[in-house]
Amino acid sequence: MGEIEALYPSAFPDEDLLPLVKALLCAGEAVLSLTGVLGAGLAGHALFTRCEISGCDASAALLGPLAVKPERQRMGVGVAMIQEGFKQLTQDGTDYVFVLGDPAYYARFGFLPECGVTPPYPLPDEWRTAWQAVGLNDAKPLCRGVLVVPLPWRQAALWAP
């Protein structure tokens, strides 16, 4: 846990994501935690949280946070963790993965802007295109609804500046 605790402040110096990360890591089976290693040390960490969609029987996960040490970025660490996450979630029968992140980065994984399923809190206008989804497992048609997230994600500050 010590390496993970050191990773997030270096990757996100302007955000305090440690309380969220610690809470998610204590959530048990509801969270898929992946590490990326280059050489002998931790290079990255990614979390996928299992969620529900209100009024819909499709299964879902929320990707994030995802952090890579600044000196290890652009070396495929994030790509490898996302691909492994997709592989494991596909095996578990997850239909969709959602993310609130940079469209230029996440588009390479098939993420597209999402407007049918909304995040648990309203997003600022400048973040609207950052709310994205990708289907896995020949996903069922996505219905309209709200992403229902577990308790650690139920903080409005995580969804707005």
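The values are calculated or read from the model by the stated rules, or taken from the named source; none is laboratory data. Quick caveat, the model's predicted, so the values are computed rather than measured. Neighbour counts run over all protein chains shown; Cβ positions are idealised from the backbone, glycine included.
Could you identify the single residue in ALA156, ALA160 that is within 20 Å of VAL21 (Cα to Cα), touching a Pro at 6+ places or on another chain (Cβ under 7 Å) and either surrounded by fewer than 17 Cβ atoms within 10 Å (Cβ to Cβ) or of a type outside the set (Val, Ile, Thr) (or both)?
None of the other options fit; the residue is ALA160.
For the stretch 129-153, which positions are in contact with a helix residue (DSSP H, G or I) (Cβ under 8 Å, 6 or more places away or on another chain), buried (at least 16 other Cβ atoms within 10 Å of the Cβ) and of a type outside the set (S, T, N, Q)?
Those that are in contact with a helix residue (DSSP H, G or I) (Cβ under 8 Å, 6 or more places away or on another chain), buried (at least 16 other Cβ atoms within 10 Å of the Cβ) and of a type outside the set (S, T, N, Q): ALA130, VAL134, LEU136, PRO150, PRO152, TRP153.
Can you confirm whether the stretch 62-78 contains a residue that is at pLDDT 95 or above, aliphatic (A, V, I, L, M) and over 25 Å from PRO9 (Cα atoms)?
The answer is no; no qualifying residue exists.
Of the conditions (1) of a type in the set (Ser, Thr, Tyr); (2) assigned to a helix (DSSP H, G or I); (3) farther than 23 Å from ASP16 by Cβ, TYR105 clears all except one; give me its number.
It is condition (3) that TYR105 fails.
Examine the stretch 123-142 for a residue that is charged (D, E, K, R) and within 13 Å of the chain's Cα centre (by Cα), and state whether such a residue exists.
The answer is no, given that none of the residues of the stretch 123-142 is charged (D, E, K, R) and within 13 Å of the chain's Cα centre (by Cα).
Look at GLN91 and say whether it is closer than 25 Å to LEU18 by Cα and either among the polar types (S, T, N, Q) or touching a helix residue (DSSP H, G or I) at 6+ places or on another chain (Cβ under 6 Å) (or both).
When the stated conditions are applied, GLN91 does not pass them.
Tell me, which strands (runs of 3 or more DSSP E) wholly within the stretch 30-87 include 3 or more residues that are surrounded by fewer than 21 Cβ atoms within 10 Å (Cβ to Cβ) and more than 13 Å from the chain's Cα centre (by Cα)?
Fully inside the stretch 30-87 and qualifying: 31-38, 41-53.
From the list VAL99, VAL77, exactly one residue is within 21 Å of TRP127 (Cβ to Cβ) and out of contact with any Pro (no Cβ under 6 Å at 6 or more places or on another chain). Which is it?
When all the criteria are applied, what remains is VAL99.
Could you list, ordered by first residue, the pairs with Cβ atoms under 9 Å in which the first is in the stretch 122-142 and part of a strand (DSSP E or B) and the second is modelled with pLDDT under 80 and not β-branched (Val, Ile, Thr), at least 6 apart or interchain?
As it stands, the answer is ALA133/LEU142; GLY135/LEU142, since those pairs meet every condition given.
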